[in-house]
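A quick write-up on the structure given underneath.
None of the figures in this text is laboratory data; all of them are computed from the coordinates on show. Bear in mind that the values here come from a model prediction, so they are computed numbers and not experimental data. A quick note on method: Cβ atoms are made from the backbone with ideal geometry, for glycine too, and the neighbour counts reach across all protein chains shown.
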Amino acid sequence: MAWRYERWTADHRLPIGVVQRPDVGERVNAGDVIATGVGLGTASRLLGARRIGVPPGDLERALRVPVGSEVRAGTVLARTGRRFARAVTAPGDGRVLHVTTNGDVYFAPIVDRWVVRSTLDGEVTRSDDARITVEGEAWCLPGVAAYGPDAVGEIALGVESPLEDLAPSRVDVRLGGRIVIAGARAVPEVITRGHACGVAGFVAGAAPAAGLRLVFGAGVSAAGAPSRDDRPTVLCLMGFGTAPLPREVFRLLTTLAGSRAAIHTASARLFVFAPADAADAPRDALQVGLAGDYGGVRTISDGCAGAGEVAFPSELRAGALRCDGDVLPAANVRPFARAR
């Protein structure tokens with residue numbers, strides 16, 4: 001698990017319906033709105049030329065709003081006449097999509113609005129209808145998975161020890177808008193209480209998979225599109241279940257407490273916006289592994305050596321490594337190396 005201060009990039013994927021986005025080269029800060037858009041419902045066909053009594057080819061000259069415009073309910077889209085006027089009006093809040101060759105108008109209602117906020121302080125290096133990329137310098141801690149929308153807030157310590165679990169009773173409105181360090185495990189009660197108190201996100205060694213499904217649903221994805229969801233983001237640094245934070249990682253989180261930070265859900269990274277000399281990062285990446293056949297995740301301090309092929313209690317026979325006196329399946333051990 002490697003803390004690094006250097007230059008990073010963050011991709012922000014955009015759904016269909018982009019209305020506004022920045023230009024390449026524009027400076028942004030974490031939390032700034034960098035794109036807005038709308039979700040459209042099923043389009044309907046409105047009588048145009050026939051309703052106002054003009055030839056199909058003349059409808060565009062009678063339009064009062066350009067194609068692609070957002071309009072409010074009752075807005076006059078096209079009109080002819082003065083004393084005895086004939087008009088086409090918008091049936092609801094929506095967007096004018098298209099004018100057909102026979103003079104009809106396609107109109108779609110607006111059913112949703114979304115925003116995308118930057119998760120880095122830096123410069124926009126890509127901006128199109130598919131994604132926006134921001135590049136900037138920050139401290140970065142990569143995790144295993146993140147759930148919920150991107151989150152921005154000040155780091156707050158919720159526990160006093162890397163072995164401790166955050167108790168639901170310690171989550172209150174004073175943590176509103178902050179990214180809270182939740183220790184070894186973020187349980188569902190903590191996440192739901194954080195939702196009620198306006199917490200921006202939780203960073204923990206792990207979270208129970210069943211609890212994540214309970215809070216976010218079975219279809220939750222770590223690499224999701226922009227979300228209107230206001231539930232707290234959860235960043236799992238080491239895995240699922242329970243996983244005490246490495247002391248080196250917790251020490252840095254303690255040092256950087258109070259700094260502005262952001263969780264980029266798609267890449268499962270924690271960015272912290274503090275000076276490069278704000279802390280001393282560990283030089284070597286830590287190794288993590290499953291403790292036993294069905295155990296939780298833990299760090300490995302002294303490295304591993306080959307132990308040949310071993311039959312484990314789960315009836316799996318596979319290559320093994322001897323780590324800190326325990327024999328673990330080789331596939332369950334990996335270095336937590338720096339991610340780009």
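Computed 3J(HN,Hα) for region 143-148, one whole-Hz value per residue from the Karplus formula 6.51 cos²θ - 1.76 cosθ + 1.60 where θ = phi - 60°, is x, 8, 7, 9, 10, x, glycine and proline marked x.
Pop out the Kirkwood hydrodynamic radius of region 39-112 from its pairwise C-alpha distances, inverse of mean 1/r, in Å to one decimal.
Details: mean 1/r = 0.0825 Å⁻¹.
Averaging 1/r across every pair of different Cα atoms and inverting gives 12.1 Å.
A straight line joining the Cα centroids of region 1-66 and region 99-176 runs 18 Å. For region 169-180, backbone phi angles converted through the Karplus equation (6.51, -1.76, 1.60; θ = phi - 60°) give residue-by-residue couplings of 5, 8, 9, 9, 5, 5, 8, x, x, 10, 9, 9 Hz, Gly and Pro being listed as x.
Over the alpha-carbon set of region 100-153, divide Rg by the Kirkwood Rh and report the Rg/Rh ratio to two decimals.
1.20
Once backbone amide H atoms are built at 1.01 Å from N, Ala145 has Cys236 as its partners under 5 Å, excluding neighbours fewer than 5 places away on the same chain.
Stretched out fully, how many nm does the piece from Val33 to Glu189 gain, at 0.36 nm a residue minus the Cα gap? Can you show the working numbers first?
Values: separation 156, 0.36 × 156 = 56.16 nm, distance 3.04 nm.
Stretched fully, the Val33-Glu189 segment lengthens by 53.1 nm.
Amide H contacts under 5 Å for Leu40: Val111, restricted to partners 5 or more places along the chain or on a different chain, H placed in the peptide plane at 1.01 Å from N. Cβ crowding within 10 Å, taken as a proxy for footprinting-reagent exposure, orders Tyr5, Tyr147 from fewest neighbours to most as Tyr5, Tyr147. The ellipsoid equivalent to the alpha-carbon distribution of region 1-144 has semi-axes of 45, 13, 11 angstrom, derived from the gyration tensor eigenvalues as √(5λ) and listed largest first. Spin-label pair Arg7-Arg247: with each label point 7 Å from Cα along the Cα-Cβ axis, the two points sit 3.7 nm from one another.
For the peptides 62-69, 209-216, 150-157, the ranking by mean Cβ contacts within 10 Å, running from highest to lowest, is 150-157, 209-216, 62-69. 3J(HN,Hα) along region 157-165, derived from phi through the Karplus expression 6.51 cos²θ - 1.76 cosθ + 1.60 where θ = phi - 60°, amounts to 7, x, 10, 10, 9, x, 8, 8, 9 Hz, with x in place of Gly and Pro. Think of region 1-158 as a dipole: +1 on every Lys or Arg Cβ, -1 on every Asp or Glu Cβ, centred on the Cα centre; then among Ala87, Gly39, Trp114, Ala87 lies furthest on the positive end.
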